[in-house]
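Visitor: Before I ask anything, here is the structure I am working with.
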Amino acid sequence: MKLEYKAQKIWRIGLAAILMFGAVMARAELLIRVTEGRVDAVPIAIVPFEGAQNAPEDVSQIVQADLHRSGQFKPLPAEDMLSRPRNESEVIYRDFRVLGVEYIITGSMKAQESGGYEVSYALFDVNRQVKLMSETYRPPVSQLRDVAHAISDRIYEQLTGIPGAFSTKILYVTHNRSDKNPFQLQYADADGHRVTTILRSQEPIMSPTWSPNGRKVAYVSFEDDGMPAIYTHDLATTNREKVSSFRGINGAPDWSPDGQKLALTLSRDGNPEIYMLDIASKQLTRLTQHYGIDTEPRWLPDGEHLVFTSSRSGGPQIYKLNINDKSVRRVSFEGAYNARPDVTPDGRYLVYVHRRNGNFNVGVQDLQRGTFNIVTRTDMDESPSVAPNGSMVIYGTQDRGTGVLEAVSIDGRVKVTLPSKEGEVREPAWSPFL
Amino acid sequence: MRSFLNPLFALMLAAALAACSSTPTEDDSSATDDMSQQTDTSPVTPVEPSTPSKPDTSSIPLTADNFYNHPSNYDGTTDSRVIYFAFDSNTVPAAAFETLRAHATYLKNNSNAKVRLEGHADERGTREYNVALSERRSKAVEKFLRVQGVSSSQLEIVSYGEEKPAAFGHSEMDWAKNRRVEINYTAGRP
């Protein structure tokens with residue numbers, strides 16, 4: 001679907017858009033606000049689902065919040081709808097066309113005797129006056145939110161051609177000084193709901209990252225007598241394994257695309273170098289040889305290369321390493337401070353922290369075209385992590401002195417804030433597709 | 001020793017010398033002579049015992065820029081347990097030399113004593129890169145102590161980067177307080 005030709009329609013629904021602008025979209029530990037949307041966001045009407053107001057979770061509201069949060073859709077507030085069709089036979093396209101709406105979603109939630117729900121929805125194209133898709137799910141109550149995100153994923157893919165990433169999770173570290181265990185490792189749905197704490201500690205937790213299948217995470221924890229070690233942690237069984245606790249730094253783990261190896265930083269041979277650890281055999285391979293700092297490795301999707309931060313030219317810059325011949329070449333050239341790279345799933349874009357005029361922002365480098373773009377405007381932006389569909393980057397920043405999470409589209413046009421209620425939230429890691 | 005040419009250090013040295021001449025202390029021999037001469041003329045006001053030759057540093061303004069090398073941070077004994085660093089630097093500050101020599105002497109005289117050198121960075125920059133930077137600071141302190149003859153078996157290093165700040169604000173002064181190496185005795189504490 002083309003998004004470019006929609007711009008002239010924006011002013012017709014402009015007022016509605018301004019009212020939605022900045023609206024609090026979800027109530028949870030992480031509150032998510034869309035602070036900047038695209039001016040060409042596609043107007044869409046998610047008609048409140050029949051029966052949703054009596055259900056424990058309102059699937060139509062969750063879908064609406066998801067699509068709004070993507071920044072690519074502009075949901076029509078329910079009170080502005082001229083009619084509220086419950087199904088295909090009740091859809092009056094004209095009622096939506098006059099409001100500039102391009103797509104309609106209708107649906108219903110019916111309680112089942114089994115205790116679960118039957119959730120049905122349909123998607124309609126206003127201009128062509130046709131039904132594009134419809135589906136029915138029968139989840140238990142505990143999976144209503146999963147079904148809502150699955151519906152958002154399906155609709156997003158149908159309309160943009162890109163798989164939705166609404167069913168994914170965000171892993172992050174919280175820090176709350178007044179807590180008995182100030183450092184916690186948590187994950188939540190991509191909309192901030194359903195927070196699960198996986199580790200509480202009195203000592204720092206750092207650099208959390210997902211395994212490629214999303215079943216495990218790896219992180220650095222200083223829990224053992226204040227000394228750093230890298231752990232792998234199975235989310236379902238909560239089994240943990242300490243995989244690296246050498247003398248000196250044990251840091252910056254990143255799982256290889258095949259899930260067999262971790263890239264990591266160790267200073268056991270004197271100063272920080274990049275190593276590769278075979279998780280099953282525990283075999284360790286040193287990949288860099290330089291007296292400067294080498295750290296923050298990230299695998300490229302091919303499993304043959306890493307990008308990492310190195311001070312070998314003075315200040316930190318991004319380098320690319322071939323793990324077979326260990327050759328290294330510099331990739332970042334803009335400015336004096338570029339660090340902590342992440343890579344889009346297609347390997348085309350590098351996303352990293354860039355310092356400009358003393359401010360730390362997230363920059364996006366297009367490896368094909370060679371362009372570089374700064375996509376955030378705050379300060380102290382750090383730890384960028386790319387969504388598995390490559391659409392958004394989540395990162396840590398500061399809001400009035402407290403660590404918060406924000407997300408920005410890879411083109412910088414959409415911005416979403418996820419402030420936390422208490423303490424700091426930092427080091428977000430976006431899960432793979434689950 | 002480039003540090004000795006540092007104008008700040010010259011200022012401190014001048015302040016220290018001025019302090020010595022104007023406020024004699026107990027172990028200053030000239031002061032003892034003065035007192036003995038005074039005994040038969042007038043009642044003696046006993047001199048308050050004070051820390052030996054601690055210079056009056058109140059005339060040197062404490063700023064975020066000179067914090068790392070400000071004499072008020074270092075008393076020249078093992079009581080001083082924090083060494084501060086300039087921005088983006090892992091050079092041990094000259095003002096900390098006496099304090100580090102005191103630790104070295106103590107460690108050499110007490111072979112059961114062990115210290116953990118905890119390196120820290122301010123919050124600017126990425127977290128793992130800051131871990132690496134803070135390791136350079138603890139290694140600089142380790143090297144200083146090793147040169148003084150301390151056994152490596154008494155020294156241990158850990159690098160926390162920006163994860164354990166001493167000051168939680170976001171000003172230049174908070175950052176100055178966070179760029180540091182803490183000397184923590186894990187055995188044989190003085």
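Quick grid of which residues meet (1) part of a loop (DSSP other than H, G, I, E, B); (2) in contact (Cβ under 8 Å) with a residue 40 or more places away in the chain; (3) within 14 Å of chain B (Cβ to nearest Cβ):
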site: A:E157; (1), (2), (3): no, no, no
site: A:T174; (1), (2), (3): no, yes, yes
site: A:G192; (1), (2), (3): yes, yes, no
site: A:L199; (1), (2), (3): no, no, no
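Visitor: Considering only the range A:224-237, state which residues are within 14 Å of chain B (Cβ to nearest Cβ) and either small (G, A, S) or buried (at least 21 other Cβ atoms within 10 Å of the Cβ) (or both).
Guide: Matches in the range A:224-237: A:G226, A:P228, A:A229, A:I230.
Visitor: Suppose the filter is in contact (Cβ under 8 Å) with a residue 40 or more places away in the chain and under 30 Å from A:P253 (Cβ atoms); does B:R116 pass it?
Guide: It is true that B:R116 is in contact (Cβ under 8 Å) with a residue 40 or more places away in the chain and under 30 Å from A:P253 (Cβ atoms).
Visitor: With more than 25 Å from A:I205 (Cα to Cα) and of a type in the set (D, E, K, R) as the only criterion, which of A:D366, A:D379 stands out?
Guide: A:D366
Visitor: Do we have B:A104 as farther than 28 Å from A:R426 by Cα, touching a residue at least 40 places away in the same chain (Cβ under 8 Å) and either outside the structural domain of B:K177 (by TED's automatic domain parsing) or outside any loop (DSSP other than H, G, I, E, B) (or both) here? Outline the logic, then answer.
Guide: Working: farther than 28 Å from A:R426 by Cα: yes; touching a residue at least 40 places away in the same chain (Cβ under 8 Å): yes; either outside the structural domain of B:K177 (by TED's automatic domain parsing) or outside any loop (DSSP other than H, G, I, E, B) (or both): yes.
Considered against the rule, which asks whether it is farther than 28 Å from A:R426 by Cα, touching a residue at least 40 places away in the same chain (Cβ under 8 Å) and either outside the structural domain of B:K177 (by TED's automatic domain parsing) or outside any loop (DSSP other than H, G, I, E, B) (or both), B:A104 comes out as yes.
Visitor: Listed residues B:T105, B:T186, B:T78; which is over 30 Å from A:E382 (Cβ atoms) and buried (at least 17 other Cβ atoms within 10 Å of the Cβ)?
Guide: It is B:T78.
Visitor: Can you list residue pairs whose Cβ atoms sit under 6 Å apart, with the first residue in the range A:394-414 being under 14 Å from A:R377 (Cα atoms) and free of Cβ contacts under 8 Å to residues at least 24 places away in the same chain and the second being surrounded by fewer than 21 Cβ atoms within 10 Å (Cβ to Cβ) and aliphatic (A, V, I, L, M)? Count only pairs 6 or more apart in sequence or on different chains.
Guide: A:T397/A:M380; A:Q398/A:M380
Visitor: When you look at A:Q186, is it within 12 Å of another protein chain (Cβ to nearest Cβ) and not aromatic (F, W, Y), yes or no?
Guide: No: the conditions fail for A:Q186.
Visitor: May I ask you to list the residues in the range B:135-163 that are of a type in the set (K, R) and under 19 Å from B:A113 (Cβ atoms)?
Guide: Once the filter is applied, which keeps residues that are of a type in the set (K, R) and under 19 Å from B:A113 (Cβ atoms), the range B:135-163 yields B:K143, B:R146.
Visitor: I'd like to check something: does the range A:203-223 contain any residue that is farther than 25 Å from A:D254 by Cβ, free of Cβ contacts under 8 Å to residues at least 60 places away in the same chain and surrounded by fewer than 18 Cβ atoms within 10 Å (Cβ to Cβ)? Step through it out loud before you land on a result.
Guide: At the first step, the residues of the range A:203-223 found to be farther than 25 Å from A:D254 by Cβ are none.
Checking the range A:203-223: not a single residue is farther than 25 Å from A:D254 by Cβ, free of Cβ contacts under 8 Å to residues at least 60 places away in the same chain and surrounded by fewer than 18 Cβ atoms within 10 Å (Cβ to Cβ).
Visitor: Tell me which residues, restricted to the range A:390-432, are of a type in the set (D, E, K, R), in contact with a strand residue (DSSP E or B) (Cβ under 7 Å, 6 or more places away or on another chain) and within 14 Å of chain B (Cβ to nearest Cβ).
Guide: Narrowing the range A:390-432 to residues of a type in the set (D, E, K, R): A:399-400, A:406, A:411, A:413, A:415, A:421-422, A:424, A:426-427.
Checking the rest, the ones that are also in contact with a strand residue (DSSP E or B) (Cβ under 7 Å, 6 or more places away or on another chain) come to A:406, A:415, A:424, A:426-427.
A:E424, A:R426, A:E427, listed by residue number.
Visitor: Could I ask something else about it? Being over 29 Å from A:A41 (Cα atoms) and either among the aromatic types (F, W, Y) or in a strand (DSSP E or B) (or both) is the filter here; which residues of the range A:100-146 pass it?
Guide: Selection gives A:K110, A:A111, A:Y117, A:E118.
Visitor: Out of the residues in the range A:306-320 that are more than 12 Å from chain B (Cβ to nearest Cβ) and farther than 23 Å from A:G390 by Cβ, state the one that is surrounded by the most Cβ atoms within 10 Å (Cβ to Cβ).
Guide: Filtering the range A:306-320 down to residues more than 12 Å from chain B (Cβ to nearest Cβ) leaves A:306-307, A:312-313, A:319-320.
Restricting the remaining residues to those that are farther than 23 Å from A:G390 by Cβ gives A:312-313.
Working: A:R312: 15, A:S313: 12.
Ranking the candidates gives A:R312 first.
Visitor: A:S211: under 24 Å from A:L266 (Cα atoms), of a type outside the set (A, V, I, L, M, F, W, C) and away from every other protein chain (no Cβ under 13 Å), yes or no?
Guide: So A:S211 passes the test.
Visitor: Oh, and also: Would you mind finding the one in A:D294, A:D269, A:D234, A:D224 that is modelled with pLDDT under 95 and at negative phi?
Guide: Every option except A:D269 fails the conditions.
Visitor: Still on this model: Name the residue, out of B:A132, B:A166, B:A140, B:A176, that is surrounded by fewer than 21 Cβ atoms within 10 Å (Cβ to Cβ), touching a residue at least 24 places away in the same chain (Cβ under 8 Å) and assigned to a helix (DSSP H, G or I).
Guide: On the way: B:A132 fails: surrounded by fewer than 21 Cβ atoms within 10 Å (Cβ to Cβ); B:A166 fails: assigned to a helix (DSSP H, G or I); B:A176 fails: surrounded by fewer than 21 Cβ atoms within 10 Å (Cβ to Cβ).
It is B:A140.
Visitor: Could you tell me whether any residue of the range A:321-329 is loosely packed, with under 13 Cβ neighbours inside 10 Å, outside any strand (DSSP E or B) and touching a strand residue (DSSP E or B) at 6+ places or on another chain (Cβ under 8 Å)? Step through it out loud before you land on a result.
Guide: Here is the first cut: in the range A:321-329, the ones loosely packed, with under 13 Cβ neighbours inside 10 Å are A:324-325, A:327, A:329.
Still in the running and outside any strand (DSSP E or B): A:324-325, A:327.
Filter once more, so that each one left must be touching a strand residue (DSSP E or B) at 6+ places or on another chain (Cβ under 8 Å): A:327.
There is at least one residue in the range A:321-329 that is loosely packed, with under 13 Cβ neighbours inside 10 Å, outside any strand (DSSP E or B) and touching a strand residue (DSSP E or B) at 6+ places or on another chain (Cβ under 8 Å).
Visitor: When you scan the range A:263-305, how many residues do you find that are under 30 Å from the mean Cα position of the chain (by Cα) and away from chain B (no Cβ under 14 Å)?
Guide: Of the residues in the range A:263-305, 13 are under 30 Å from the mean Cα position of the chain (by Cα) and away from chain B (no Cβ under 14 Å).
Visitor: State whether the residues of the range A:113-123 include one that is without any contact (Cβ under 8 Å) to a residue 24 or more places away in the chain, touching a strand residue (DSSP E or B) at 6+ places or on another chain (Cβ under 7 Å), in the same structural domain as A:S152 (by TED's automatic domain parsing) and under 17 Å from A:Q158 (Cα atoms).
Guide: yes
Visitor: A further question on this structure: Just for the range B:154-163: of the residues that are among the acidic types (D, E) and surrounded by 22 or more Cβ atoms within 10 Å (Cβ to Cβ), which one is farthest from the other protein chains (Cβ to nearest Cβ)?
Guide: By that ranking, first place goes to B:E162.
Visitor: Filter the range A:336-349 for residues that are under 15 Å from A:T309 (Cα atoms) and part of a strand (DSSP E or B); which is farthest from the other protein chains (Cβ to nearest Cβ)?
Guide: A:V343
Visitor: Moving on. For the range A:196-226, which positions are out of contact with any Pro (no Cβ under 7 Å at 6 or more places or on another chain) and closer than 18 Å to A:Y395 by Cα?
Guide: A:I205, A:M206, A:P208 - these are the residues of the range A:196-226 that are out of contact with any Pro (no Cβ under 7 Å at 6 or more places or on another chain) and closer than 18 Å to A:Y395 by Cα.
Visitor: Within the range B:109-139, restricting attention to residues that are closer than 24 Å to B:G169 by Cβ and touching a Leu at 6+ places or on another chain (Cβ under 7 Å), which residue is farthest from the other protein chains (Cβ to nearest Cβ)?
Guide: The residue in question is B:A121.
The values are calculated or read from the model by the stated rules, or taken from the named source; none is laboratory data. Note that the coordinates shown come from a computational prediction; the quantities given were computed from them, not determined experimentally. Note that each Cβ is placed from the backbone with ideal geometry, even for glycine, and that neighbours are counted across all protein chains shown.
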